[in-house]
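The numbers here are math on the coordinates, done by the rules we state, and not lab data. Everything numeric here is computed off the predicted structure, so don't read it as measured data. With ideal geometry, Cβ positions are generated from the backbone for all residues, glycine too; neighbour counts draw on all protein chains shown.
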Amino acid sequence: MKTTTKLWIGIGVLILLSPLGLILPAYFKAGDAWGEWGTDAFKELVGYIPKGLEKLSSLWSAPIPDYAFKGWEEKGLAGLSLAYIASAIIGILAVACIIFLIGKFLTKKD
Amino acid sequence: MHIPDGYLGPATSGVMYAVMLPVWAVASKIVKKTLKAKQVPLLAIGAAFSFVIMMFNVPIPGGTTGHAVGSVLVAILLGPWAACIAVTVALVVQALLFGDGGITAIGANCFNMAFVEVFVGYYLYKLISGSSLVISGRRVIAAGIAGYVAINVAAFSAAIMFGIQPLLHKTVNGQSLYCPYGFNVAIPTMLGEHILIFGWVEAVVTALVIKYLQKQDPALLGYGTQP
């Protein structure tokens, strides 16, 4: 088997395991990464929501915010895990397509 | 380490885009000269790896989370300029599709993870590896140390960006406009958690994959070595 095939299989395994990145923090009651809180968190953290931050934070609404599907909130950790795996697949397809496209323009033929 | 929209003021975001535009231009130029068509699949795998490894949030019990970035691994395999492009693509997709990292902060986040981490990691790996064989254990250690140090330098760089905001942008009543935490909080927190936890994750991931590739296909590890 070619090494690249094996490495793609490795990526596939990582995709299937990715919900660990959701389940472990939930289990150990760990919150957001430092400096990646939602705007609401600032009331508790510093007593006010920084004005510029509030304005800019809603600049972009991503189609799959936080690797979760809208309306799946009540499905719990199982639903979130499924959405996480789906997000990983979608994201990696997007990344791979862009790289192959860039590769078409940026490589020499030999 | 994915800075969201609103944490950085326009000055910082703007400067970071201005720094990264020429970096991306140079990266494209150099990759065009050096990357072979048959290496493109590996570049895609590298970008995919960086994308998915960043989804593995590692918890600090009762505290925050963080993750490895994978930049150093990609840089070892394909060189720093190709790695810069691969990690940039992963970060842009994360920002646009998943809201992980801000649109205005793409320049800043790419500076930290696709430029600083990539280049620090790559040159440290080269320095420690010296002229050792591609299959030598020294290269596994080098990869681990490079991963550990590079993610910490990147975290430090992010901490500077966070920490400078209260100095740059304040309202008349003393409230911060953007990130409210100064250097005194941002630097010890960001560095502390990466020194204690996330740096080790990056080190182990980088070293293990290099170790695997030494057994599986050492030819992939030849970048930057004498043929």
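Test of understanding: ordering B:Ile85, A:Ile49 by Cβ neighbours within 10 Å, fewest first, what list do you get? Write out the running numbers ahead of the final one.
Working: B:Ile85 27, A:Ile49 17.
Least crowded to most crowded, the residues run A:Ile49, B:Ile85.
Considering only the other residues whose Cβ falls under 13 Å of the Cβ of B:Thr225, what net charge follows from Lys and Arg at +1 and Asp and Glu at -1?
Details: positive: B:Lys126, B:Arg138, B:Arg139; negative: none.
Result for the local shell: +3.
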TODO: Give me B:Leu213, A:Leu82 ranked fewest to most by other Cβ atoms within 10 Å of their Cβ, as a rough exposure proxy.
DONE: A:Leu82, B:Leu213
Task: 222 nm mean residue ellipticity, helices alone, for chain B (DSSP H n ≥ 4; -39,500 (n - 2.57); rounded to 500) - done: -21000 deg cm²/dmol
- [ ] Run down the lysines and flag those whose C-alpha is under 20 Å from the C-alpha of B:Lys38, throwing out any fewer than 8 positions away in its chain.
- [x] A:Lys2, A:Lys6, A:Lys104, A:Lys108, A:Lys109, B:Lys29
Task: Euclidean distance of C-alpha centroids, the range A:1-54 and the range B:135-157, integer Å - done: 22
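Based on DSSP H runs of at least 4 residues, each adding -39500 (n - 2.57), what is the mean residue ellipticity at 222 nm of chain A after dividing by all its residues, to the nearest 500 deg cm²/dmol?
Rounded to the nearest 500, it is -19500 deg cm²/dmol.
Mind giving me the FRET efficiency for B:Tyr123 and A:Tyr27? R0 is 45 Å, r the Cβ-Cβ distance, nearest 0.05 is fine. Spell out each step's value before the answer.
On the way: r = 38 Å, r/R0 = 0.85.
After rounding, the FRET efficiency stands at 0.75.
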Task: Of the DSSP H helices in chain B, those whose Cα atoms cover at least 20 Å axially and whose Kyte score averages 0.0 or more - done: B:10-34, B:80-98, B:137-168, B:199-216
Open item on the list: Run the numbers for B:Ala25 and B:Leu168: contour at 0.36 nm per residue of separation, minus the present Cα-Cα distance, in nm.
Closed with: 48.6 nm
Task: Most fluctuating residue given options B:Tyr125, B:Tyr178, B:Tyr212, as computed from a GNM of chain B linking Cα atoms under 10 Å - done: B:Tyr212
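Tell me, what is the FRET efficiency for A:Leu93 and A:Glu54 to the nearest 0.05, using R0 = 41 angstrom and their Cβ-Cβ distance as r?
On the way: r = 34 Å, r/R0 = 0.82.
It comes out at approximately 0.75.
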- [ ] Determine the relative contact order of the range B:30-96: mean sequence separation of Cα pairs under 8 Å and six or more apart, normalised by residue count, in whole percent.
- [x] 36
Open item on the list: To check my understanding: the extent here is largest minus smallest coordinate of the Cα atoms along each principal axis. What are those three numbers for the range B:1-154, in Å, largest first?
Closed with: 47, 43, 26
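What number results when the radius of gyration of the protein assembly as shown, computed over Cα atoms, is divided by 2.2 N^0.38 Å? Can you show the working numbers first?
On the way: Rg = 19.5 Å, N = 337, 2.2 N^0.38 = 20.1 Å.
That works out to 0.97 for the protein assembly as shown.
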Open item on the list: Mean Kyte-Doolittle hydropathy of 0.0 or higher plus an axial Cα length of 30 Å or more: which whole DSSP H helices in chain A meet both?
Closed with: A:76-106
- [ ] Give the order of B:His67, B:His2 when sorted by the count of other beta carbons within 10 angstrom, beginning with the fewest.
- [x] B:His67, B:His2
- [ ] Evaluate the distance, in nm, between pseudo-label points positioned 7 Å from the Cα of B:Arg138 and of A:Met1 along their respective Cα→Cβ axes.
- [x] 3.3
Open item on the list: Please list, in order, the residues from the range A:41-60 whose amide nitrogen is less than 11 Å from a point placed 7 Å along the Cα→Cβ vector of B:Ala11.
Closed with: none
